[in-house]
C-alpha cells in the first residue's frame, strides 16, 4: 500500500479509537465522530474512553455490537456531569442506572470511578459492605471499593473492576483491600489519621510496579520509642523495598514520612 493511499479507515477499529483518545484538537475529534465513526459503528466491539471525548464518541452513533467498555481518569466534576444524584457517592446502583442499563449486550466493563463528598450532607451511612452490595446487585461481582477518610467530614470512595486495569490510583488510605494492583505505577495515599510503618509495608507489597508515590498526611507517625533507634531494635523492622520507585512527593506530609524513606533500615 502506497503512502498516499493510507486512510484512517484502513486502521483496526481499536487503533482508531486509541488515536481519537490522543487527540486534543476539537476539530479533529468532530471530524472523526462525524465522518468515520458512523461508517464503522457496526463493527466496534471495544471502546476505551476518557472524559474529554466520551460524550462526543457515545453520541456520534449507535454501537449495536459493543461488548466491552473501559472508563478511566474520571474526576469529581466529570462524574457529576454524567451521573444522576450528584450529592452522593457513586456506587454500583449508579453504574447500573446511568451506564449499564443502556448497554444490554455489554459483557465486559472495566472501570475506575472516584468521588468525594462531605459526610454532613449524607442521609445514609457509607461503608465498604454497603458499596460492595450495590456492586453485586448491579452484576459487578468482580469489583470492589476503597473508602478513604480525607478529613473529619470528607470521605473519598473509589469503585473499580477487578483485576484493576489502570496505571493510576488515588485516595488510598489506611484501609484498603488485600489485593495486588499489578499495573499501577502512580499512587496517591492520604488519610486524616497517621500512617503506620506497616502501611508502607503493605503498599510495597500491593503495588509492585510503583514508580510515583505522593503522600498527603500532615499527622505525625506514632511517637518512636528511643530504644527503637538502637541497632538491635532497628533490625526488627522489615526492610521496605520499592524496586521501581523514581519519584517521591512528600510536600504535603509530615517530615516523619520523609525521614522514614531516608532511613536505610526501613526503606
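With contacts taken as Cα pairs under 8 Å and at least 6 residues apart, region 117-189 reaches a relative contact order of 26 percent. Estimated at 0.36 nm per residue, the fully extended path between residue 167 and residue 107 surpasses their Cα-Cα distance by 19.3 nm. Over region 83-226, the reciprocal of the mean inverse Cα-Cα separation, the Kirkwood hydrodynamic radius, stands at 16.3 Å.
We did not get these values from a lab; they are worked out from the coordinates using the rules stated. Keep in mind that this is a model prediction, so the values were computed, not measured.
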